[in-house]
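Here's the structure we're looking at; comments come further down.
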Amino acid sequence: LEVDASWRLARKIPETLFGLFFEEINHAGAGGIWEELVSNRGFEAGGPHTPSNIDPWSIIGDESSIYVTTDPVSCFTRNIVALRIEVLCDKCPTGGVGVYNPGFWGMNIEEGKTYNLVMYIRSPESVELTASLTCSRPSGALQNLASAYIQDIDVSNWTRVELKLLAQETCRTSRLDLTTSKRGVIWFDQVSLMPSDTYKGHGFRKELMYMLLDLKPRFLRFPGGCFVEGNLLRNAFRWKETIGPWEERPGHYGDVWNYWTDDGLGYFEFLQLAEDLGAAPIWVFNAGISHNEGVDTNSIAPFVKDVLDSLEFAKGSAESNWGSVRAAMGHRKRFPLKYVAIGNEDCQKEFYQGNYLKFYNAIREAYPDIQMISNCDGSSEALDHPADLYDFHIYNSSTDIFLMKSKFDRTSRTGPKVFVSEYAVTEQKDAGNGSLLASLAEAAFLTGVEKNSDIVQMASYAPLFVNDNDPGWKWNPDAIVFNSWQQYGTPSYWMQTFFRESSGAVIHPITIASSYSDSLAASAITWRDTENSFLRVKIVNFGPHAVSLTISAQELQVGVDTMRSRVTVLTSSNVMDENSFSNPNNVVPVSRELPNAGEEMQALLAPYSFTSFD
Ligand code: AHR
């Protein structure tokens, strides 16, 4: 394998090449990175009518002691449903009666941590109420982990109550209990429980944030995916319903991935997430098209206005109409929103072309600095409409994804750039629940993305997250698997760590001569840390044989510091090996010093492996 490391043929890789695609799918947000522990906190999951769906809230007590229903009496006009409990007992059972919420398949409550409970209550009488965090132990006993008590407070008008719950023990499957022993009626609304130590206090689950930060993502595409479109337009993501005080957000049912979200993780929080990750936000907005409907281009004007408002919210001054709403949410500074995608996978749909141009022209005029992404694939033939980038989505077998390493070799170099906004090996026999095999094919594809990064500007794996407790339909595989308290990366996650220094680096031409060339894929870059430059050669061996190579670097510009030279390998004894909660490090990169580093060195690549030499 020969690297031409001279600067003559080196080319700068875009600063934005590798990033993240976050979709609200698999409970990635609600019950995932957004650390609200209460599910269906506003009792709105059944929509604005009553009786509403209060699932997963459940009743503590029986028919003779409590009657629970929903009423349209909330103080929040955009989410009018409130929970009504009527306590029927004079001598209530020990511990009282009431309701409990198990969160997203059990709340992770940890000893020594404080949890902030906020709720709104109303009652014609003064109330006596206990809020507890409890845990069902295997013995069947319900253990109290933390509790707080309110009594004799006047709640004849809707009243915001804030309590701090300090956990005395740890339980991964806890629940929040709201109980009373006093006869009478109480209405509840907007019950929220969050740990006091979320990432930067911004509501994000720390351990998941650390995994994202470790990828050094340069962009964050959000909030979907199909989640943006909806099966029906009324279930699509509508940014204005997701901003402002959390209590006032109506929430919505994501009908493609089939679950309710309270929209605590809303448009503002996505922009905040991008900022916290040091990533450029990429806002995918609904183009007036769902999976089953389309707004006629003649009627699209209000949608266009809505999107312009979203841009003002992100980028406008704190004195502007929508910028002032952002400022009121605590972010006076403008968010550096420079990319928007006009729809998701809508190219072939009726009205897309017409709607696209309406959005494109209006945004170009109002925000000339914004780069716009079309849903139409321009990799085979030129687009018939203006765009700065176009989406390219690829889900396939491992063999096909491996071969896709050459996909962009002959793509036109004029016209819009490519955004590989979703890629993954998905064929079940190859991917399993996230296999080594899948990650190797994807790594090969990404070496091709690097080499073609004069035309490919960005690339992101999909989907990013899955909550393993979600019994509903899940998208499989995913990069990061979690439950209420644990998380691990699939091999596809770890594969991406090999590329985290590539954005903004320079790429060098390479040639490979080997009898196994057909099953090899490689690239070479020079990247910098704070002190030094490194030449990094990455090689995928997608075959069952060990491969011996001589690696030589002609015109190596920097002195070789063997003290800091390393070899890192992602492999396993079986190509279908996966990670799991019980064995999270089964397939992870292993790094060691590279004592024979030099302008020429021998390397032995393990069968089915991904190796990087720095
Ligand atoms: O990543 C999962 C889904 O795949 C996305 O929602 C959609 O864009 C694609 O079809």
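The values are calculated or read from the model by the stated rules, or taken from the named source; none is laboratory data. Worth saying up front: this structure is predicted, and the values here are computed from it rather than measured. Cβ atoms come from the backbone with ideal geometry, glycine included; neighbour counts cover every protein chain shown. Just so you know, the surface numbers come from the protein's heavy atoms only, side chains and all, with ligands and any DNA or RNA stripped out. Shrake-Rupley method; radii C 1.70, N 1.55, O 1.52, S 1.80 Å.
Key figures
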quantity	calculated
Potential lengthening between N469 and L9 on full extension [0.36 nm per residue; Cα-Cα distance subtracted]	160.6 nm
The chain - charge dipole about Cα centre, Lys and Arg +1 at Cβ, Asp and Glu -1, debye rounded to 20	860
Viscosity 0.890 mPa s, temperature 25 °C, Stokes-Einstein D of the chain from Kirkwood C-alpha radius, µm²/s	94
Projected-area mean, segment 58-195, by convex hull of Cα positions, square nanometres	8.2
Estimated dipole of segment 58-195 in Debye, rounded to 20 [Cβ of Lys and Arg +1, of Asp and Glu -1, Cα centre]	280
Probe 1.4 Å, accessible area per residue of segment 456-534, Å²	34
Segment 17-86 and segment 102-165: distance between their alpha carbon centers, rounded to Å	16
Cα centroid separation, segment 373-393 to segment 208-263 (Å)	25
Positive-end residue, segment 58-195 charge dipole about Cα centroid, Cβ charges, pick of L129, N116, T69	N116
FRET efficiency estimate (nearest 0.05) - Cβ-Cβ, S380 to V590, R0 35 angstrom	0.30
Given K349/K429; K407/K429; K240/K333; K407/K474; K216/K315; K305/K358, the pairs whose alpha carbons are separated by over 21 Å	K349/K429; K407/K429; K407/K474; K216/K315
Sparsely packed GluC sites (Glu not before Pro) within segment 90-164, loop by DSSP, other Cβ within 10 Å at most 14	E111, E125
Rounded tilt (10° steps) of 301-315 against the dominant C-alpha axis of the chain	80
Extended-chain gain in nm, criterion 0.36 nm per residue less alpha-carbon gap, D529 and D55	165.6 nm
Amide H contacts under 5 Å for I480, placed H, 5+ residues apart	F465, V466, T490
Gain on full stretching of the segment that runs from H545 to R500 - 0.36 nm per residue minus C-alpha separation	13.4 nm
Solvent-accessible area, 1.4 Å probe, carbon plus sulfur percent, for the chain	49
